[in-house]
1. Please compute the contact order of the chain in relative form: average sequence separation of alpha-carbon pairs under 8 Å and at least six residues apart, divided by the residue count, as a percent.
2. So how tilted is helix 2-33 from the main axis of the chain? Cα-based, degrees 0 to 90, rounded to 10.
3. Pick from PHE262, PHE246, PHE33: which residue has the top mean-square fluctuation in a GNM of the chain where Cα pairs under 10 Å get a spring?
4. Spelling out what I want: for every residue of the range 244-261, take phi, set θ = phi - 60°, compute 6.51 cos²θ - 1.76 cosθ + 1.60 (Karplus), and round to whole Hz; glycine and proline get x.
5. Provide, for q = 0.26, 0.30 Å⁻¹, the log10 of I(q)/I(0) from a solvent-free Debye sum over equal Cα point scatterers in the range 281-342.
6. Provide the per-residue ³J(HN,Hα) series for the range 321-327, in order, calculated from phi with Karplus coefficients 6.51, -1.76, 1.60 and θ = phi - 60°, each as a whole number of Hz, with x at glycine and proline positions.
7. Can you count the Lys pairs in the chain whose Cα atoms are under 25 Å apart, with each pair 8 or more apart or on different chains?
8. Once you've got the GNM for the chain with C-alpha springs shorter than 10 Å, pick whichever of VAL113, VAL86, VAL336 has the biggest mean-square fluctuation.
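The values are calculated or read from the model by the stated rules, or taken from the named source; none is laboratory data. Please read all numbers here as calculations on a predicted model, not as lab measurements. Please note that ligands, DNA and RNA were not included when accessible areas were found on the heavy atoms of the full protein model with its side chains. Shrake-Rupley method; radii C 1.70, N 1.55, O 1.52, S 1.80 Å.
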Amino acid sequence: YGRPLALLASLFFMWGFITVINNTLLPHLRSVFELDYTQTTLIESVWFIAYAVASMPSAFLIERVGYKRAIIIGLLIMAAGALGMVPAARIPSYEITLLALFVIACGIALLQVAANPYVAVIGPPESSESRLTLVQAFNSMGTFFAPYFGGYLILSRTTGGNSLEGAQLTAAERLADAQATQLPYVMVAAVLVIIALVFWRAKLPALGAATRRAHASERTTVPLWKVWAHPIYKHRNLAFGIPAIFIYLIAEIGVANLFINFAILPEIAGITPAKAANYLVLLWGGMMVGRFAGAFIMRAFPANKVLAVYASAAFLVMIGAATLHGPVAMWCLILVGLCHSIMFPAIFAMGIKGLGPLTEEGSGLLIMAIAGGALVVVQGWLADTVGLQNSFWLTVACELYVLFYALWGSKPTNALP
């Protein structure tokens, strides 16, 4: 399965790359449209609301058309959304920008529902966490390069990207800055179409019967208002894994999307957004290194214990980011990237372990939980209300739940005690 996994790694790279372009796009749009923190983080919330909307329909689509065709459809949906950023920049329009990003995220949700369980179950169950973490490391490789791409093609080519916090732009400067996003997204769309063509010609092995979607009669016996009585939630690792993904995404997205705004504060580093983008690379680079290392560490140690160590470290460095001042606070926020590295793949792999024919439904629910990133708007509201630095206490609380999941909630069992 080496070749299929290598091909799937390209998907992980691309959706990580495109997602993290948002980290440089948000401070750019904040300047162009003169947004406060709440309005800025609302852009990212719309992105993650797409996961809630598209994840379960994606599971049904995979059932009908198969993994390969679903992946191709997802790539083309993403390309269409990327092209939608062109008119959004030319007008410019805040609303069309939100719509285009929503479409891109819907395509990514489809890829996530298809690719994550495929990687997790394609090999031996005992190494699923290690295998998924390794492939997710290529996702982090995409997140590592994205700030360079966005910083060079968006922030460094705009007036707002080279201005210190508080600088006022003229209407003409904001219009010119808005149009700087056209070229990067046309390039992204072209690459996505090329990858779709590669997958169209590739051969992917089918998953075994043990992981095929449950029969319709098994999925519709529980009324909607009693959804938590569904047999799938009797798996403790999934029942607590869904909120673990949801809560973890609040932490990851809040840190990543507010990093540049945090670094440019005079009391933190006092640098321009373009320079802050270079430090953002280190945050995502730490996540990439942590995932490559974690993939091998989890071959020697139980995944839940490794996750507990990473969650404890994240808890400590986030306290530093919320209380310290000067560049040291920025470096605490950079270090949390390393601590966050294995959290998503470890939680996901442990969450679907033992689901058998319910694997695709469980995968859809876990991917839908990525919608937790939409609550970054809550952190934006906190930043406007109590200050940007104090808003990171929300992240501290998120790390505690991940620690709880590692120590107890992730234990595989077919029924809750």
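1. Value for the chain: 28 percent.
2. Long axis of 2-33 versus the principal axis of the chain: about 30 degrees.
3. Highest fluctuation of the listed residues: PHE33.
4. With coefficients 6.51, -1.76 and 1.60, one gets 5, 4, 4, 6, 4, 5, 4, 5, 4, 6, x, 5, 5, 7, 9, 4, 5, 4 Hz.
5. -1.00, -1.16
6. 5, 7, 10, 8, 10, x, x
7. 11
8. Looking only at VAL113, VAL86, VAL336, the largest GNM fluctuation is found for VAL86.
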